[in-house]
Amino acid sequence: MVDLANALCAGCNEKLIGEVIRVGESDHFHVDCFKCAKCNSPLAAAGFFARGASYYCSEDYHELFGTRCVMCSNFIEGEGFTVQGRSYHTSCFKCSQCGGNFSSGSRVLFEEGRPICESCRNQSVNATRTTCKGCKKEITGRSVVAMEFDWHVECFACHYCKVPLTGEYMVKDGNPYCESDYLNLYGQKCRICDQFIVGRVLQAGGVSYHNACLRCHVCKTAFAEGQEIFTQDGIFWHTECEPYLEGMGGTESGSEYFDDDREGDTAGLESADVADLEERLEDLKVEEN
């Protein structure tokens with residue numbers, strides 16, 4: 001049992017005085033200190049999610065870590081499942097062409113990553129797909145449809161490690177790669193957490209960051225899209241936090257903008273997509289010939 005007389009608040013690290021809330025097995029907070037790690041909204045009277053040692057409001061947790069249904073694009077809460085690396089609400093898993101439900105034991109095929117019933121697939125089969133893009137030989141039996149071409153299952157492999165690709169893959173210069181090799185060869189790492197960035201990349205002065213990792217040096221909160229920020233000596237801060245940096249040394253500072261829509265402005269923060277255009281994340285379609 002925790003001795004609250006000597007315990008410290010997990011939020012402010014001060015002694016627990018007044019109204020206290022217990023979270024999990026051992027964390028205790030002042031009620032006013034129990035806040036979302038991303039938006040700082042109070043959590044004491046609201047639902048929350050825990051990830052690692054941090055706590056989040058429902059909206060931010062889903063935005064940062066949630067899984068979206070590929071059919072309706074809404075976050076999956078409750079009943080759902082994953083097939084071929086894609087997640088679905090149970091109620092959304094229907095033929096993407098005719099909208100019919102899949103009966104128990106029926107065959108489910110996939111076209112461009114979306115489920116399709118056998119009847120609809122038979123109506124759209126392209127009978128000319130008979131030659132393997134990799135070895136140029138005729139395909140009999142099982143084949144993989146990827147990058148708008150047909151391949152023998154064993155021929156559709158990572159361009160670097162040569163291991164056959166059986167799930168999601170990434171494309172660079174017209175060649176497929178497994179995600180691990182693509183990131184090691186071409187990926188960008190966040191300067192703060194040193195993890196590869198998949199999705200939106202924020203860049204400042206040639207340095208890349210996760211959106212969630214780049215935070216104000218003073219108040220430790222993230223920067224809103226389109227918000228002006230200041231930077232000096234490798235640190236960033238909100239305009240309104242400027243007075244708290246007095247005495248740190250140096251008087252020159254530069255302002256930048258967090259604006260995804262600005263083009264050709266190398267001085268500001270820019271965003272890019274690791275899986276953009278031909279460097280996109282795609283899915284395999286497996287069929288029988």
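Pairing each residue of segment 208-221 that is more than 21 Å from residue 244 (Cβ to Cβ) and in a strand (DSSP E or B) with any residue that is among the aliphatic types (A, V, I, L, M) and open to solvent by 40 Å² or more (accessible area, probe 1.4 Å), provided the two are 6+ apart or on different chains, yields C-beta distances under 8 Å for 209/192. Of all the criteria given as (1) touching a Ser or Thr at 6+ places or on another chain (Cβ under 9 Å); (2) surrounded by 17 or more Cβ atoms within 10 Å (Cβ to Cβ); (3) without any contact (Cβ under 8 Å) to a residue 60 or more places away in the chain; (4) within 25 Å of residue 70 (Cβ to Cβ), the one not satisfied by residue 153 is (3). Consider residue 50 carefully, then state whether it is modelled with pLDDT of 80 or more, exposed (fewer than 14 other Cβ atoms within 10 Å of the Cβ) and of a type outside the set (Asp, Glu). So residue 50 fits the description; yes. Taking segment 58-113 as the range and being hydroxyl-bearing (Ser, Thr, Tyr) and on the phi < 0 side of the Ramachandran plot as the test, the residues that pass are 58, 61, 67, 82, 87, 88, 90, 91, 96, 103, 104, 106. Do we find that residue 138 is loosely packed, with under 14 Cβ neighbours inside 10 Å, more than 30 Å from residue 183 (Cβ to Cβ) and acidic (Asp, Glu) in this structure? So residue 138 passes the test. Scanning segment 25-47 for residues that are open to solvent by 60 Å² or more (accessible area, probe 1.4 Å), small (Gly, Ala, Ser) and over 22 Å from residue 6 (Cβ atoms) yields one hit, 45.
Would you point out the residue of segment 1-24, among those that are under 27 Å from residue 212 (Cα atoms) and part of a loop (DSSP other than H, G, I, E, B), that is least open to solvent (accessible area, probe 1.4 Å)? Of everything passing the filter in segment 1-24, 9 is least open to solvent (accessible area, probe 1.4 Å).
A residue that is aromatic (Phe, Trp, Tyr) and in contact with a Leu (Cβ under 9 Å, 6 or more places away or on another chain) cannot be found anywhere in segment 87-99. Looking across segment 183-200, just one residue is in a loop (DSSP other than H, G, I, E, B), of a type in the set (A, V, I, L, M) and more than 19 Å from residue 215 (Cβ to Cβ), and that is 198.
For segment 63-75, taking the residues that are in contact with a Phe, Trp or Tyr (Cβ under 8 Å, 6 or more places away or on another chain) and modelled with pLDDT of 80 or more, the one that is nearest to residue 142 (Cα to Cα) is identified as 69.
Return a yes/no flag: does segment 138-158 have any residue that is farther than 28 Å from residue 88 by Cβ, modelled with pLDDT of 90 or more and either in a loop (DSSP other than H, G, I, E, B) or touching a helix residue (DSSP H, G or I) at 6+ places or on another chain (Cβ under 7 Å) (or both). Checked segment 138-158: at least one residue is farther than 28 Å from residue 88 by Cβ, modelled with pLDDT of 90 or more and either in a loop (DSSP other than H, G, I, E, B) or touching a helix residue (DSSP H, G or I) at 6+ places or on another chain (Cβ under 7 Å) (or both). If you filter segment 53-72 down to residues that are in contact with a helix residue (DSSP H, G or I) (Cβ under 9 Å, 6 or more places away or on another chain) and aliphatic (A, V, I, L, M), you find that the one that is least open to solvent (accessible area, probe 1.4 Å) is 70. In segment 73-95 there is no residue that is among the aromatic types (Phe, Trp, Tyr), loosely packed, with under 14 Cβ neighbours inside 10 Å and part of a helix (DSSP H, G or I). Examine segment 199-222 for a residue that is open to solvent by 40 Å² or more (accessible area, probe 1.4 Å), of a type in the set (Val, Ile, Thr), more than 30 Å from residue 100 (Cα to Cα) and at pLDDT 90 or above, and state whether such a residue exists. The answer is no; no qualifying residue exists. Only residues that are more than 16 Å from residue 48 (Cα to Cα) and not hydroxyl-bearing (Ser, Thr, Tyr) were counted in segment 11-27, giving 9.
The values are calculated or read from the model by the stated rules, or taken from the named source; none is laboratory data. Given the structure is predicted, the values throughout are model-derived calculations rather than measurements. Glycine gets a Cβ as well: all are built from the backbone with ideal geometry, and neighbour counts include every protein chain shown. Surface accessibility is based on the protein's heavy atoms, side chains included, excluding ligands, DNA and RNA. Shrake-Rupley method; radii C 1.70, N 1.55, O 1.52, S 1.80 Å.
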